[in-house]
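So the structure is just underneath, and the comments pick up after that.
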Amino acid sequence: MKALVLEEYNKLVYRDVYDPQPVYGEVLIRVKACGICGSDVHGMDGSTGRRQPPIIMGHEASGVIVKTGEGVTRWKEGDRVTFDSTVYPLNDWYTLKGRYNLSEGREVVGVSPKEFKRHGAFAEYLVIPQHILHEIPDNVSFEQAAMVEPAAVAAHAVRISGINVGDSAVVLGSGMIGSFVVSLLKAAGATPVIAVDIDDEKLKIAEKYGADITINSKEQTVAEIVRNHTKGRGADFGFEVVGISAAVNTLIDSLRKGAIAVLVGNLTPVIEFPLQKVVTSEIKLLGSCAICGEYETVLDMIAGGALQVDDMISAVAPLSEGAEWFRRLYHKEGNYNKVILVP
């Protein structure tokens, strides 16, 4: 089969590789669409340490089952499916407690840190364990289904926050996942929802996805504006969807005492942290890791029109052109949101 292989850092090659074969409990999927994640772009140069070559990246995908291994009972050839990006063991302590995203020995599709290597979906075919599959509704396209993974990351962050109707929220970072967070906060009844970014174009998207107020942090004082819209106290909830020191600090400054801050972004492994502000304000911190059961909800929301994903798709291109699209995204050429590659 053909695949887009990261042969060495900053070197993607479209070439022939061995066809994968399903074993017990697995299915073989013909990939129909796979989105380029920001973590793939950042991982391409080795800066994250989670895309050690050679590796076939890609974890935001959908396709059709073409073969089933022994022990597969629910699924059959021809089924339209998408899948969780986390491959988790079924007998792990965390999995049995309903926290499979934290399970020991879990792997991520298309990722290769020191601990494991699992090839991903920038290829014609991919083998996936049956227990992470989800059926695609008839009125959801393969391209839309490839958007479920990032939307589910946003849904997980909103769900674990415990936000209630009428609570105020500020979202730092108005990229794709940040805008999905905004949309899902509005669906949960949060008000006002305030989106913050340094890019006016991204803020326009956040506004389209439901943000009541948008703030360009390059030009405006974020904490002051947030307080002006939250009775002088600061927001009840905050979501950081970047993963850098400046954004985290701005978020903490924008929250009221006793607020909850949800950290979603993890661009950098270490940040400068406002310890005394958090302690003296009794701000609660929550880390939000990947997805844990939100796939079906997001698929239903897309199918029912409650969550729009089409506006986030900037381009659909052949997998053979993948290296060039990675280059454009890496060098920030153009104002792209999601680029989807089709084998």
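Quick check on residue 268: is it of a type in the set (Ser, Thr, Tyr) and closer than 30 Å to residue 107 by Cβ? If you could, list the steps in order and put the result at the bottom.
Numbers: of a type in the set (Ser, Thr, Tyr): yes; closer than 30 Å to residue 107 by Cβ: yes.
Yes: the conditions hold for residue 268.
If residue 194 satisfies every condition in (1) in contact (Cβ under 8 Å) with a residue 40 or more places away in the chain; (2) touching a Ser or Thr at 6+ places or on another chain (Cβ under 8 Å); (3) open to solvent by 20 Å² or more (accessible area, probe 1.4 Å); (4) more than 30 Å from residue 69 (Cβ to Cβ) but one, which is the exception?
Going through the list (1) in contact (Cβ under 8 Å) with a residue 40 or more places away in the chain; (2) touching a Ser or Thr at 6+ places or on another chain (Cβ under 8 Å); (3) open to solvent by 20 Å² or more (accessible area, probe 1.4 Å); (4) more than 30 Å from residue 69 (Cβ to Cβ), residue 194 breaks only (3).
Which residue, of 143, 149, is assigned to a helix (DSSP H, G or I), of a type in the set (Asp, Glu) and crowded, with 21+ Cβ neighbours inside 10 Å?
Working: 143 fails: crowded, with 21+ Cβ neighbours inside 10 Å.
The match here is 149.
Can you find, within the stretch 203-258, the residue that is farthest from the chain's Cα centre (by Cα) among those that are among the basic types (Lys, Arg) and either buried (at least 24 other Cβ atoms within 10 Å of the Cβ) or in a loop (DSSP other than H, G, I, E, B) (or both)? Lay out the reasoning, then the answer.
Our first condition is that a residue be among the basic types (Lys, Arg); within the stretch 203-258, this holds for 204, 208, 218, 227, 231, 233, 256-257.
With the extra rule that they be either buried (at least 24 other Cβ atoms within 10 Å of the Cβ) or in a loop (DSSP other than H, G, I, E, B) (or both), the set shrinks to 218, 231, 233.
Working: 218: 25, 231: 32, 233: 31 Å.
If we take residues in the stretch 203-258 being among the basic types (Lys, Arg) and either buried (at least 24 other Cβ atoms within 10 Å of the Cβ) or in a loop (DSSP other than H, G, I, E, B) (or both), then 231 is farthest from the chain's Cα centre (by Cα).
Is one or more of the residues making up the stretch 172-192 among the small types (Gly, Ala, Ser) and at positive phi? Walk me through it before giving the result.
Here is the first cut: in the stretch 172-192, the ones among the small types (Gly, Ala, Ser) are 173-175, 178-179, 183, 187-190.
Imposing the further condition that a residue be at positive phi reduces the set to 173, 189.
Yes: the stretch 172-192 contains one or more residues that are among the small types (Gly, Ala, Ser) and at positive phi.
Looking at 29, 36, 56, can you tell me which residue is closer than 22 Å to residue 309 by Cα and buried (at least 17 other Cβ atoms within 10 Å of the Cβ)?
Details: 29 fails: closer than 22 Å to residue 309 by Cα; 56 fails: closer than 22 Å to residue 309 by Cα.
Residue meeting the stated conditions: 36.
Hey, which of the strands (runs of 3 or more DSSP E) in the stretch 264-343, taking only ones fully inside, have at least 1 residues that are open to solvent by 60 Å² or more (accessible area, probe 1.4 Å)?
Values: elements: 284-287, 313-318, 338-342.
Here the list reads 284-287, 313-318.
Test residue 267 against the criterion of being of a type in the set (A, V, I, L, M, F, W, C) and without any contact (Cβ under 8 Å) to a residue 40 or more places away in the chain, and give yes or no. Outline the logic, then answer.
Details: of a type in the set (A, V, I, L, M, F, W, C): yes; without any contact (Cβ under 8 Å) to a residue 40 or more places away in the chain: no.
Spelling it out, it is not the case that residue 267 is of a type in the set (A, V, I, L, M, F, W, C) and without any contact (Cβ under 8 Å) to a residue 40 or more places away in the chain.
If I filter the stretch 89-139 down to residues being polar (S, T, N, Q) and either open to solvent by 50 Å² or more (accessible area, probe 1.4 Å) or touching a Phe, Trp or Tyr at 6+ places or on another chain (Cβ under 8 Å) (or both), which single residue comes out as farthest from residue 303 (Cα to Cα)? Give the derivation first.
Going residue by residue through the stretch 89-139, those that are polar (S, T, N, Q) are 91, 95, 101, 103, 112, 130, 139.
In the following step, the residues that additionally are either open to solvent by 50 Å² or more (accessible area, probe 1.4 Å) or touching a Phe, Trp or Tyr at 6+ places or on another chain (Cβ under 8 Å) (or both) were identified as 91, 95, 101, 103, 130, 139.
Details: 91: 32, 95: 28, 101: 25, 103: 30, 130: 22, 139: 6 Å.
So the residue we want is 91.
Please work out which one of (1) in contact (Cβ under 8 Å) with a residue 60 or more places away in the chain; (2) within 21 Å of residue 186 (Cβ to Cβ); (3) polar (S, T, N, Q) is the condition residue 228 fails and give its number.
Against the list (1) in contact (Cβ under 8 Å) with a residue 60 or more places away in the chain; (2) within 21 Å of residue 186 (Cβ to Cβ); (3) polar (S, T, N, Q), residue 228 comes up short only on (1).
Scanning for something of a type outside the set (S, T, N, Q) and at positive phi, does the stretch 29-42 turn up at least one residue? Explain how you work it out, then say what you get.
Applying the first criterion (of a type outside the set (S, T, N, Q)) to the stretch 29-42 yields 29-38, 40-42.
Retained after the next criterion (residues that are at positive phi): none.
Checking the stretch 29-42: not a single residue is of a type outside the set (S, T, N, Q) and at positive phi.
Which condition number does residue 166 fail, the rest of (1) among the small types (Gly, Ala, Ser); (2) over 18 Å from residue 229 (Cβ atoms); (3) in a loop (DSSP other than H, G, I, E, B) being met?
(2)
Is it fair to say residue 279 is under 24 Å from the mean Cα position of the chain (by Cα) and of a type outside the set (Gly, Ala, Ser)?
Details: under 24 Å from the mean Cα position of the chain (by Cα): no; of a type outside the set (Gly, Ala, Ser): yes.
So residue 279 does not fit the description; no.
The values are calculated or read from the model by the stated rules, or taken from the named source; none is laboratory data. As the structure is a computational prediction, the values presented were derived from the model and not from experiment. Because the Cβ atoms are built from the backbone with ideal geometry, glycine has one as well, and the counts that use them run over all protein chains shown. When the accessible area is computed, the model is the full protein with side chains, heavy atoms only, and any ligands, DNA or RNA have been set aside. Shrake-Rupley method; radii C 1.70, N 1.55, O 1.52, S 1.80 Å.
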